[in-house]
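Step one of this worksheet: look at the structure below.
The values are calculated or read from the model by the stated rules, or taken from the named source; none is laboratory data. Computed from a prediction, not measured in an experiment: that's the story for all the values here. FYI the Cβ positions are ideal-geometry reconstructions off the backbone, even for glycines, and counts take in every protein chain you see.
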Amino acid sequence: MDVMSEPIGSEAEHNTISNADADLAYRVRLYLARVGHRTVELLEVEAHDGVVTLRGRVPSYYTRQLAIACAQRVDGVRAVRDLIWALVPFAHRAPDYSTREDFY
């Protein structure tokens with residue numbers, strides 16, 4: 001088949017992009033697995049055109065930042081979309097002064 005006659009956005013082109021995205025997500029997962037934090041390793045990882053989405057729950061803000069920093073270090077990552085929830089224990093949350101009468 002003549003390359004010039006193949007339509008733009010063909011199935012072959014789409015599959016190549018999907019393979020590149022799958023490869024990038026795989027490489028990010030591998031990097032996260034090497035960190036040594038089980039919760040980071042369990043995050044969902046998706047990639048689309050160099051933008052990596054991290055999704056899931058981790059036990060702390062530190063672990064969240066660690067996952068984001070690791071993903072940013074992988075070759076081919078243009079940006080990281082952070083959909084990670086840091087589960088901070090209630091005792092470590094900042095006080096809500098808006099409901100305290102003696103604050104005003």
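Kindly evaluate ASP82 against the criterion of being among the acidic types (Asp, Glu), in a loop (DSSP other than H, G, I, E, B) and either surrounded by fewer than 19 Cβ atoms within 10 Å (Cβ to Cβ) or touching a Pro at 6+ places or on another chain (Cβ under 6 Å) (or both).
On the way: among the acidic types (Asp, Glu): yes; in a loop (DSSP other than H, G, I, E, B): no; either surrounded by fewer than 19 Cβ atoms within 10 Å (Cβ to Cβ) or touching a Pro at 6+ places or on another chain (Cβ under 6 Å) (or both): yes.
Taking the combined requirement at face value, the residue does not satisfy it.
Looking at VAL58, VAL80, which is the one that is within 16 Å of ALA22 (Cα to Cα) and either at pLDDT 90 or above or not β-branched (Val, Ile, Thr) (or both)?
Numbers: VAL58 fails: within 16 Å of ALA22 (Cα to Cα).
Within the list VAL58, VAL80, the selection yields VAL80.
I'm checking my understanding of the structure. Among residues of the stretch 18-45 that are of a type in the set (A, V, I, L, M, F, W, C) and not in a helix (DSSP H, G or I), which one is surrounded by the fewest Cβ atoms within 10 Å (Cβ to Cβ)? Before you say what the answer is, go through the steps one by one.
Residues of the stretch 18-45 that are of a type in the set (A, V, I, L, M, F, W, C), as a first pass: 20, 22, 24-25, 28, 30, 32-33, 35, 40, 42-43, 45.
Okay, now just the ones that are also not in a helix (DSSP H, G or I), so 35, 42-43, 45.
Details: VAL35: 15, LEU42: 12, LEU43: 23, VAL45: 21.
Only one residue tops the list, namely LEU42.
Looking at (1) modelled with pLDDT of 55 or more; (2) farther than 18 Å from ARG73 by Cβ; (3) outside any helix (DSSP H, G or I); (4) among the aliphatic types (A, V, I, L, M), find the lone condition where MET1 falls short.
Condition not satisfied by MET1: (1).
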